[in-house]
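The values are calculated or read from the model by the stated rules, or taken from the named source; none is laboratory data. On a predicted model such as this, the values are computed, not experimentally measured, just so you know. Cβ placement follows ideal geometry from the backbone for every residue including glycine, while neighbour counts extend to all protein chains displayed. Accessible surface is based on the protein model in full, side chains and every heavy atom, while ligands, DNA and RNA are left aside. Shrake-Rupley method; radii C 1.70, N 1.55, O 1.52, S 1.80 Å.
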Amino acid sequence: MAALVATPRRAGSPRGIRDGEAVTGWIFTLPVLLILGVFMLVPVLMALWVSFSDWSGRGSPLSSDVGFVGLDNYAAVTTDGGLAERDFGVALRNNAWYVLLVVPLQTALSLFLAVLVNRAVLRGRGVFRTAFYFPSVTSSVAITVLWLFLFSTSGVVNAVLARLGITGPNWFNDPSGVLHNLLGALGVQSGPDALTQHGLLGVTWWDWLAGPSVAMSAFVIMAVFTTSGTFMLLFIAGLQNLGPDVDEAAMMDGANGWQRFWRITLPQLRPTLFTVLTLGLIGTWQVFDQIYTGTQGGPGKTTLTPAYLSYQSAFLSQEWGRGAAIAFILFVIIVLMTILQRWILRERR
Amino acid sequence: MTRHISRRLAGTGALLVAGALTLTACGGSGFEEPADAAGETTELTSSDDALTVLIASSGDAETDAVTDAVADWSADSGVTADVQVAGDLPQQLSQGFAASTPPDLFYLSPDAISGYAENGSLQPYGDLLANKDDFYPSLVENFTVDDTFYCAPKDFSTLALVINTQLWEDAGLTDADTPTTWEELATVAETLTTDDRAGLALSAEYQRLGVFMAEAGGGLVVDGEPVADSEGSVEGLEYAQTHLEDGTFAYAADLGAGWAGEAFGKELAAMAVEGNWITGALTNDFPDLEYTVAELPAGPAGPGTLQFTNCWGMAADSPNQQAALDLVEHLTSAEQQLAFSEAFGPMPSIQSAAPDWTSANPDLVAFLDGAEYAQFPPTLAGATDVVTDFNSQLESLETGDPQEILGTVQSNLEAIAE
């Protein structure tokens, strides 16, 4: 805006008191630009190159004996029909279910918690806020280890379930899909041929519909538990930015608390909701550390995720191009999901 | 305003791209290495450079033992050598190879050897070893890729049948009942099974169940040929499946234990199929437990077990391979391997150390006896993924179809064996 105001007074004159500003600005931003360039942009570009190359992990990927192989690495995980494709299909299946469950659950829970601790009448709000936020500050590795203990066959969770007369599952060792188990309880043991004979990425439709495995479900609960605190903070900030006037006006019009939340508060929280959903989508599609410390993809590959598969292909199988290709496909998925979600949450007039 | 911004953005972009290009250009010329043909160089490099040895340690005992042994060698040879313990060995190795500054010597597992051999990261030196003929032939075969003996096996372990002495006697069994055939194993497992205890504990993986495949004359890859869907392999898995179904065998996870050793220690199972490492774990966690170790009972095609080993990998980019070779010969000498064995468990990889090891460990001889007929997990590039996939299917073996499972394993193996 400063430029617009200044223009009429100094029309035609290129020199002035603000001349040095641009250069100064560049100098001030230079450190950040350099750091971002060296540690983010260049590695990302190099990884992109690796995903199109036959680099084998020895020496620089930019040396002359590394060849360009076009889309071969992408084809290996999407169209080749081999083990690599099936692994990628399984990883996508697992992660899709994870996202589908975690994102809505954590958003709803964090909004609920935020509304609770935002109420002026609540005593000891600080204590509750700290308590709810605490899991978010703890390292995910520590929480994973805790979870492995809690959900072991003879662990606390199963002990509590046993008190209630329920025989708990063998959590982190149970590869069976939750939906398949539900159908099994209803007497459906195998799917119709239409689903079992056809599929996508080497995984049959019936297996796509297996639902998260029991082991993955434990991770879903863990993700909701750990991230709700962080998002609760975002919602609290959003709630405190809302003026009381609209709410009071609605109250005068005779709207009850429930109506005011859905019709007044929630629509005003749209920007915060967008942030929470976007961060949630990105975080859940990239789930890695829980898998790396917890299950390494097991049992029965049902906790394998694209991020972990990418690591496994590159570092353990020396298929660096394939690992990078998986990472970029994941990137495209995240971008598409974010755009889709932005479109759904757009302002309707 | 908008024009300003777009010009600025363009400027920023240009700067970043220029920066990136400069940096990548540096990277290209700076790290470029002359390409040498993988697996064919026999000329070792020699210099005054210090050596770096990267190990993945099971604990302080192993770290100290290796550090001491390397320090002894340094004192004799005058070459400085530094032992580093890796937190995540495959990752640290990969970083070293990518940056062309790998450790000179490192622990290398057989499933990683093909990948590294293929991209030329490894210096094959097996044929240059003075004690080459002393290694067990099956171990040499384990580290041979395309007819090149790559690296010296540092030690090894095999699987055997571990039996809880107290529970064995309580069930009225004597030494004469020690099973030597599948039928006898089934019988004693049934005798030892109670409501809250399984007869035999196993981990749900090829690395344990593979013994039954071997005993029936099958396996995954034998003499370089995929034989996963052979009659023997199927028969072996069917045997395991039958007894998982009748409850006399059980997966450790289903017993609520992390591995079969834990199930055995907690007396959730009276027997276990495990390797040498179980002795250390039992001494640490269950010091009062008495047990005996027997050879695995023979199947229809004779005795069978699996061996597990690591070698001392040497980097192709190491500037002082001559000294590294000398260090390996020191570390694989009988005296040194017996010291390692005493410190942290595994068996010496050379035959000349066998008599001394046997007299030091008379109760564990069954492990060493397995060396004669042991198979090993496939070492083809990509085999790790195939075995992982196989293991994921073995978790539900009880309800699965062995023929079908092994069929997919076979086609996966054929795809990488080409």
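Give me the distance in nm between label points sitting 7 Å out from Cα along the Cα-to-Cβ direction at A:Arg123 and A:Met40, one decimal.
4.7
Once phi is turned into ³J(HN,Hα) by the Karplus curve 6.51 cos²θ - 1.76 cosθ + 1.60 with θ = phi - 60°, what whole-Hz value does each residue of segment B:96-108 show in order, with x for glycine and proline?
Here the 3J(HN,Hα) series is x, 5, 5, 8, 6, 10, x, x, 6, 10, 7, 5, 9 Hz.
How many angstrom lie between the C-alpha centres of segment B:110-125 and segment A:167-197?
Here the two parts' Cα centres lie 42 Å apart.
Evaluate segment B:164-310: find the radius of gyration of its Cα atoms, find its Kirkwood radius, and give the ratio Rg to Rh.
0.96
Could you check the simple spin-label distance between B:Asp72 and A:Glu347, using points 7 Å along Cα→Cβ, in nm with one decimal?
7.8
Collect residues whose amide H, placed 1.01 Å from N in the peptide plane, falls under 5 Å from the amide H of B:Ala198; neighbours closer than 5 in sequence don't count.
Placed amide hydrogens put B:Ala269, B:Ala270 under 5 Å from B:Ala198.
Return one whole number: the accessible area per residue of segment A:22-126 in Å², for a 1.4 Å probe.
For segment A:22-126, the per-residue accessible area is 52 Å².
Considering only DSSP beta bridges with both partners in the protein assembly as shown, what is the antiparallel share in %, to the nearest 5?
Expressed as a percentage, antiparallel bridges in the protein assembly as shown total about 65.
Tell me the angle of helix B:321-331 to the major Cα principal axis of chain B, expressed in degrees between 0 and 90 and rounded to the nearest ten.
Rounded to the nearest ten degrees, it is 20.
Leaving out ligands, DNA and RNA, what percent of the accessible area of the protein assembly as shown is carbon and sulfur, probe 1.4 Å? Provide the component values of the computation, followed by the final result.
Details: 21780 of 36880 Å².
Of the solvent-accessible surface of the protein assembly as shown, carbon and sulfur hold 59 percent.
I'd like the mean, over residues of A:33-46, of how many other protein chain beta carbons sit within 10 Å of each residue's own Cβ.
3
Excluding B:Phe264 itself, calculate the net charge of residues whose Cβ lies under 13 Å from the Cβ of B:Phe264, where each Lys or Arg counts +1 and each Asp or Glu counts -1. Please report the intermediate quantities before stating the final value.
On the way: positive: B:Arg197, B:Arg208, B:Lys266; negative: B:Glu262, B:Glu267, B:Glu274, B:Asp285, B:Glu290.
After counting each charged neighbour, the total is -2.
Straight-line reach from B:Lys154: which lysines have Cα under 27 Å away, leaving out those fewer than 8 places along the same chain?
B:Lys132
Got a sec to turn the phi values of segment B:212-221 into Karplus ³J(HN,Hα) couplings, 6.51 cos²θ - 1.76 cosθ + 1.60 with θ = phi - 60°, whole Hz, x for Gly and Pro?
5, 4, 5, 5, 9, x, x, x, 9, 10
Ranked from highest to lowest mean number of other Cβ atoms within 10 Å per residue, what is the order of the peptides B:269-280, B:118-129?
Per-residue mean Cβ counts within 10 Å order the peptides as B:269-280, B:118-129.
Would you list which lysines come within 22 Å of B:Lys266, measuring only between C-alpha atoms, while excluding same-chain residues fewer than 8 positions from it?
Of all the lysines, none pass the test against B:Lys266 - Cα under 22 Å, at least 8 places apart if same chain.
What's the angle, to the nearest 10 degrees (0 to 90), between helix B:402-417's Cα axis and the longest principal axis of chain B?
Rounded to the nearest ten degrees, it is 30.
Nearest 100 Å², what total accessible surface is buried between chain B and chain A (probe 1.4 Å)?
3200
Mind ranking A:151-162, A:243-254, B:324-335 by how tightly packed they are, going by the mean number of other C-beta atoms within 10 angstrom, highest first?
Highest-to-lowest ranking by the protection proxy: B:324-335, A:151-162, A:243-254.
Non-local amide H neighbours of A:Asp54 (under 5 Å, H modeled in plane, Pro and chain starts lacking H): which ones?
Counting only residues 5 or more places away or on other chains, the set is A:Gly67, A:Val69.
Report the local net charge at B:Ala50: Lys and Arg +1, Asp and Glu -1, summed over other residues whose C-beta lies under 13 Å from its C-beta.
Local charge sum for B:Ala50: -4.
Over segment A:234-288, one equal point on each Cα, no solvent: what is log10 I(q)/I(0) by the Debye formula at q = 0.19, 0.30 Å⁻¹?
Normalising to I(0) and taking log10 leaves -0.69, -1.14.
From the backbone phi of segment A:224-240, what are the Karplus-calculated ³J(HN,Hα) couplings (6.51 cos²θ - 1.76 cosθ + 1.60, θ = phi - 60°) in whole Hz, Gly and Pro given as x?
5, 4, 7, 8, 4, x, 4, 6, 4, 4, 4, 5, 4, 4, x, 5, 6
For the ranges A:232-238, B:374-380, what's the packing order if you count other beta-carbon atoms within 10 Å of each residue, average per peptide, and put the highest first?
B:374-380, A:232-238
Between segment A:300-349 and segment B:246-270, how far is it from one alpha carbon centroid to the other, in angstrom?
37
From other protein chains only, count the Cβ atoms within 10 Å of every residue's Cβ in B:389-397, then give the mean. Each step should come with its number before you reach the end.
Details: counts 6, 0, 4, 10, 3, 1, 9, 5, 0.
Per-residue shielding by partner chains comes out at 4.
Can you give the FRET efficiency for A:Gln296 and A:Glu21, using 1/(1 + (r/R0)^6), R0 = 51 Å, r = Cβ-Cβ distance, to the nearest 0.05?
0.40
How many angstrom separate the Cα center of segment B:275-340 from the Cα center of segment A:247-278?
66
What distance in nm lies between label points placed 7 Å from Cα along the C-beta direction at B:Thr242 and A:Ala142?
Distance between the two pseudo-spin positions: 5.3 nm.
Other chains near B:253-263: what is the mean number of their Cβ atoms within 10 Å of each residue's Cβ?
That average works out to 3.
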